[in-house]
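For reference, the structure is listed below as structure tokens.
The values are calculated or read from the model by the stated rules, or taken from the named source; none is laboratory data. The shown structure was predicted, so the numbers you read here are calculated from the model rather than taken from an experiment. FYI the Cβ positions are ideal-geometry reconstructions off the backbone, even for glycines, and counts take in every protein chain you see. The protein model used for the area step is the full one, side chains on, heavy atoms only, and it has no ligands, DNA or RNA in it. Shrake-Rupley method; radii C 1.70, N 1.55, O 1.52, S 1.80 Å.
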Amino acid sequence: MEKPATADSSQLELGSEEELRWRLSLLAPTDLMRGLFLNSVVDEVRQHLGEEAVRRCLAEIGEERILDFFNYPHHTYMRLLYMASRLLSEKYGSFEKAVWELGYAACRTFYASAAGRVLLLMAQGDPRRLISNVPAAMEAASRNSECKATLTGPRSGVIIKHDLMPRQWIEAGFLSLFHTANVKGAKVVSRSLGPTENEYVITWE
């Protein structure tokens, strides 16, 4: 699939078919996601919309069931995320907010897994260690991740990340991490630096 011109990507509406095709065009067949991320989407759809909506989501990706620790193509996750976000848009008020909520749920699920718990244990509840460990966490969660984490003060840090996922999904995931680690007053503010480059500023009390 041919990539859309970089200059045009910023004009694509999040959640549109054109924007989804653009994101899918950035993914290689070797880009993989753990099944637990897909199951977190299915669980949210089941909880809020029921089994018929779950069947629609699974039909979209051609799967009958998903195994947590099996690696699935990132293409598959992206299509599932967009289908679920469209179905959940009315509940959450917009496609963007649905993506955010699914990102929060996905990372909450990851940090409840064995690999996620190890990463949390390594940080020992220290927000500064959490930020420093983000690159390792991203690598454990997905084989398609590039990021740089920098501490900017005693209660702040910044992460510059190459994202193929929507920025809202990643932002929610970082906040989910800090909430899971019981960090008081955690906030995450993000902004786009380019078509696939984003900045996440993290602060806490």
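Within region 183-202, the set of residues being touching a residue at least 60 places away in the same chain (Cβ under 8 Å) and over 16 Å from Glu146 (Cα atoms) comprises just one member, Ile202.
Those helices (runs of 4 or more DSSP H) of region 27-136 in which at least 1 residues are open to solvent by 50 Å² or more (accessible area, probe 1.4 Å) and under 22 Å from Ala181 (Cβ atoms), considering only elements entirely within it, cover 35-49, 95-111, 114-123, 127-132.
Across region 9-24, which residue is modelled with the highest pLDDT among those that are out of contact with any helix residue (DSSP H, G or I) (no Cβ under 7 Å at 6 or more places or on another chain) and surrounded by fewer than 12 Cβ atoms within 10 Å (Cβ to Cβ)? Among those that are out of contact with any helix residue (DSSP H, G or I) (no Cβ under 7 Å at 6 or more places or on another chain) and surrounded by fewer than 12 Cβ atoms within 10 Å (Cβ to Cβ), it is Glu17.
Per the conditions (1) over 26 Å from Leu49 (Cβ atoms); (2) open to solvent by 20 Å² or more (accessible area, probe 1.4 Å); (3) part of a helix (DSSP H, G or I), the sole criterion not satisfied by Val158 is (3).
So, Thr150, is that one closer than 20 Å to His74 by Cβ, of a type in the set (Ser, Thr, Tyr) and open to solvent by 20 Å² or more (accessible area, probe 1.4 Å) or not? The answer is no for Thr150.
Across region 182-205, what is the number of residues that are in contact with a helix residue (DSSP H, G or I) (Cβ under 6 Å, 6 or more places away or on another chain) and not in a strand (DSSP E or B)? Residues that pass the stated criteria total 4. Restricting the first member to region 133-154 and to residues that are closer than 20 Å to Ala186 by Cα and at pLDDT 90 or above, and the second to residues that are assigned to a strand (DSSP E or B) and not hydroxyl-bearing (Ser, Thr, Tyr), the beta-carbon pairs closer than 6 Å and six or more apart or on different chains are Lys148/Ile160; Ala149/Ile159; Thr150/Val158; Leu151/Gly157; Thr152/Val158. Identify all residues within region 47-86 that are hydrophobic (A, V, I, L, M, F, W, C), more than 19 Å from the chain's Cα centre (by Cα) and under 17 Å from Ala105 (Cα atoms); write none if there are none. Leu49, Val54 - these are the residues of region 47-86 that are hydrophobic (A, V, I, L, M, F, W, C), more than 19 Å from the chain's Cα centre (by Cα) and under 17 Å from Ala105 (Cα atoms).
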